[in-house]
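The values are calculated or read from the model by the stated rules, or taken from the named source; none is laboratory data. Bear in mind the structure is a predicted one, so any value in this text is a computation, not a measurement. All Cβ positions, even for glycine, are placed from backbone atoms using ideal geometry, and neighbour counts span all protein chains on display.
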Amino acid sequence: MLKKLVLVIVILLTLVLVILGNYLFKPRAISENYILEIPVGSSLTSVAKKLKKEGIIDNINYFVNLLDYLELESKIKAGTYGIDPTDDLYTIIKKIIHGNVISLKIMIYEGITVKEIKKIIEQKKKIKKTNFLEQEPYKQIAGIKLTSMEGIFYPDTYYYTSNYPDKMIYEKAYKKMEELLISEWELRQANLPYTDPYEALIMASIIEKETHLVREKPLVAAVFVNRLRKSMRLQADPTVVYGLGSKYKGTLTKRNLLKDNVYNTYRRRGLPPTPICNPGRTSIHAALNPTKINYLYFVLDIRGKHVFSSTLNEHNSAVKQYRKNKRIHAKLLNFLQKIAEI
């Protein structure tokens, strides 16, 4: 009787080991490299849901119960992990338990154009290059149809593994931008002069190019929003620069400002047809939450900040002061250079 019981136990244990081995060591269902991000404080269930969504595991409960039984839940480490198509579940578990995070990363900076993003990605040797963007994969964002892919990629740091397809980075950046845009749109101020989130994105791209100072962005937004409400031209230099493209030589001329095109906000009223760069979170938030103030003008000062005005007379005085300070600053620099040569 005892021998039979032992035999049954051995058979059952063998079956369990076979099933467990098949579960842990069988190939995964993914066809491309996948980046698994585990934020600090993530639960085992949230990690399992991500793996299930990507087809890496078949059953959330099996995965959770297994790691819970092995008392590994508390050992999962936050970080960014690269999962290869050849990785079995055992390898994946080892990575997230031992903290084998990846170190390859790419930075998409706030305010750069889609052409500049493409160039940055192309310079990364370990990213697999495709003609993904040439296929115009993104036809809309936040439900609005697109005529351009400018402005729809969220500036952030993205992690990747060797031979990681470039389209995965574009897709991640696009999803982040869409999620942020929708969430910010839902929390926007009332009575803004935008018909949809895309117009807010266009405005955010102009704000991004006008100032890098976070505290100034709601003020710049206020100027442009007030101008839209009064049907005044935005007269934003960065839109003209974008419209000139490769013809821009570093300085805007009077001829540039007078030459008409859809991006010349000195000649045309309203917003340009597309964003002029890929704006960051603070610019999007500012576009949808401008400071409630009656400013209509701003001009740069020699310290890199802006002087804001409510009337044209105030603005003209600020411009006059800027030019005066600029001349004094230039003379001072020239004097210092001459002293340095002595």
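Is it true that TYR154 is modelled with pLDDT under 95, in contact with a helix residue (DSSP H, G or I) (Cβ under 7 Å, 6 or more places away or on another chain) and within 23 Å of TYR81 (Cα to Cα)? In short, no. Taking the criterion of being within 14 Å of GLU150 (Cα to Cα) and either part of a loop (DSSP other than H, G, I, E, B) or in contact with a Ser or Thr (Cβ under 7 Å, 6 or more places away or on another chain) (or both), the residues of the stretch 179-204 that qualify are ILE202, ALA204.
Hey, among SER205, SER183, which residue is among the polar types (S, T, N, Q), touching a residue at least 60 places away in the same chain (Cβ under 8 Å) and not assigned by TED's automatic domain parsing to the domain that holds GLU37?
From the options SER205, SER183, the qualifying one is SER205.
Evaluate the following for LYS94: is it outside the structural domain of ASP156 (by TED's automatic domain parsing), charged (D, E, K, R) and modelled with pLDDT of 80 or more? Yes.
Can you find even one residue in the stretch 123-136 that is of a type outside the set (A, V, I, L, M, F, W, C), under 21 Å from the mean Cα position of the chain (by Cα) and buried (at least 17 other Cβ atoms within 10 Å of the Cβ)? No, the stretch 123-136 contains no residue that is of a type outside the set (A, V, I, L, M, F, W, C), under 21 Å from the mean Cα position of the chain (by Cα) and buried (at least 17 other Cβ atoms within 10 Å of the Cβ).
Looking only at the stretch 225-241, count every residue that is touching a residue at least 60 places away in the same chain (Cβ under 8 Å) and surrounded by 17 or more Cβ atoms within 10 Å (Cβ to Cβ) and tell me the total.
Residues in the stretch 225-241 being touching a residue at least 60 places away in the same chain (Cβ under 8 Å) and surrounded by 17 or more Cβ atoms within 10 Å (Cβ to Cβ): 3 in total.
Checking each residue in the stretch 292-342 for being at pLDDT below 85, under 21 Å from ASP237 (Cα atoms) and in a loop (DSSP other than H, G, I, E, B) picks out ASP301, ILE302, ARG303, GLY304.
Inside the stretch 35-70, can you point out the residues that are among the polar types (S, T, N, Q), outside any helix (DSSP H, G or I) and either without any contact (Cβ under 8 Å) to a residue 24 or more places away in the chain or touching a Ser or Thr at 6+ places or on another chain (Cβ under 7 Å) (or both)? Of everything in the stretch 35-70, those that are among the polar types (S, T, N, Q), outside any helix (DSSP H, G or I) and either without any contact (Cβ under 8 Å) to a residue 24 or more places away in the chain or touching a Ser or Thr at 6+ places or on another chain (Cβ under 7 Å) (or both) turn out to be SER43, ASN59.
Look at the stretch 85-103 and say how many of its residues are in a loop (DSSP other than H, G, I, E, B), touching a residue at least 60 places away in the same chain (Cβ under 8 Å) and surrounded by fewer than 18 Cβ atoms within 10 Å (Cβ to Cβ).
Selection size over the stretch 85-103: 1.
Tallying residues that are at pLDDT 95 or above and assigned to a loop (DSSP other than H, G, I, E, B) within the stretch 110-123 yields 4.
Looking at ALA204, ALA173, which is the one that is among the hydrophobic types (A, V, I, L, M, F, W, C), crowded, with 17+ Cβ neighbours inside 10 Å and farther than 30 Å from PRO85 by Cα? Being among the hydrophobic types (A, V, I, L, M, F, W, C), crowded, with 17+ Cβ neighbours inside 10 Å and farther than 30 Å from PRO85 by Cα holds for just one of ALA204, ALA173, which is ALA204.
Conditions tested, residue by residue: (1) closer than 30 Å to LYS128 by Cβ; (2) in the same structural domain as ILE93 (by TED's automatic domain parsing); (3) at pLDDT 60 or above.
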residue: LEU5; (1), (2), (3): no, no, no
residue: VAL10; (1), (2), (3): no, no, no
residue: GLU32; (1), (2), (3): yes, yes, yes
residue: PRO39; (1), (2), (3): yes, yes, yes
residue: THR45; (1), (2), (3): no, yes, yes
residue: LYS50; (1), (2), (3): yes, yes, yes
residue: ASP58; (1), (2), (3): yes, yes, yes
residue: ALA78; (1), (2), (3): yes, yes, yes
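Return yes when TYR263 is in contact with a Cys (Cβ under 8 Å, 6 or more places away or on another chain) and in the same structural domain as LEU180 (by TED's automatic domain parsing) and no when it is not. No. In the condition set (1) closer than 18 Å to THR80 by Cα; (2) surrounded by 19 or more Cβ atoms within 10 Å (Cβ to Cβ), ILE141 is compliant with all but (1). Suppose the filter is within 19 Å of MET177 (Cβ to Cβ), outside the structural domain of MET177 (by TED's automatic domain parsing) and crowded, with 17+ Cβ neighbours inside 10 Å; does ILE106 pass it? So ILE106 fits the description; yes. Looking at this structure, is ILE207 within 21 Å of PRO155 (Cα to Cα), at pLDDT 95 or above and either in a loop (DSSP other than H, G, I, E, B) or touching a Lys or Arg at 6+ places or on another chain (Cβ under 8 Å) (or both)? When the stated conditions are applied, ILE207 passes them.
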